[in-house]
Amino acid sequence: MVKQKPYFKLMTILMAAVFVLAACGRPAAKSQEEAAGAAASFEVSDGPPAPDWTLETLDGQTFELADHKGEVVVMFFMASWCSSCILEARALDQLYKEYADQGLTVVAINVEPEKNAAGLTQFRQQAFDAPYAWTFDNEFKVTQLYGVKSLDTTFIIDRAGNIAYNDAFVTPYETLKEEAEKWL
């Protein structure tokens, strides 16, 4: 029998709890007036409204989704120890550099039980020191709110604030570009 280190056992228990609780999160409803106003201004996806949230960033500021309405926002759920997450973080770096001036915002959401700034900084460096927002969801609030069940989960929020795309796998640059361009 293989003996697990206590940290890995704790991580397994915490991630299982997150996945169970994730099923409880539901998107907030948007009023018909807000939806009609958004439709008049932007191309609107058929997706549900994206629930608002606020998280602390790596640089000690805050990132609030509501502050980015009118932009296309890519949310990327990752962890500093996730080796497969590096591939998508690098693809998002390329996407951000190409489309930031057209209203694209990218935010990496670090899903770990503790705020590990050193680990996230090291991960960011491996992702070509990507200049987009890097946040901590160490209480798993946003993870639960969006029903995230695995790392490498990506959401694209359209300019009206609706969920336009989501997946739960390493997303190649070509797919990210194709999906983001629909809403830019």
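Counting the residues of the range 54-69 that are touching a helix residue (DSSP H, G or I) at 6+ places or on another chain (Cβ under 8 Å) and within 26 Å of residue 173 (Cβ to Cβ) gives 2. Taking first residues from the range 71-89 that are within 19 Å of residue 177 (Cβ to Cβ) and in contact (Cβ under 8 Å) with a residue 24 or more places away in the chain and partners that are of a type in the set (Ser, Thr, Tyr) and assigned to a strand (DSSP E or B), the Cβ contacts under 6 Å between residues at least 6 apart in sequence or on separate chains come to 71/105; 73/105; 76/154. For residue 159, the stated conditions hold: it is touching a Lys or Arg at 6+ places or on another chain (Cβ under 9 Å), buried (at least 19 other Cβ atoms within 10 Å of the Cβ), not in a strand (DSSP E or B) and not small (Gly, Ala, Ser).
Each value in this text was obtained by applying a stated rule to the coordinates, not by laboratory testing. Computed from a prediction, not measured in an experiment: that's the story for all the values here. Virtual Cβ from ideal backbone geometry, glycine too; neighbours counted across all protein chains shown.
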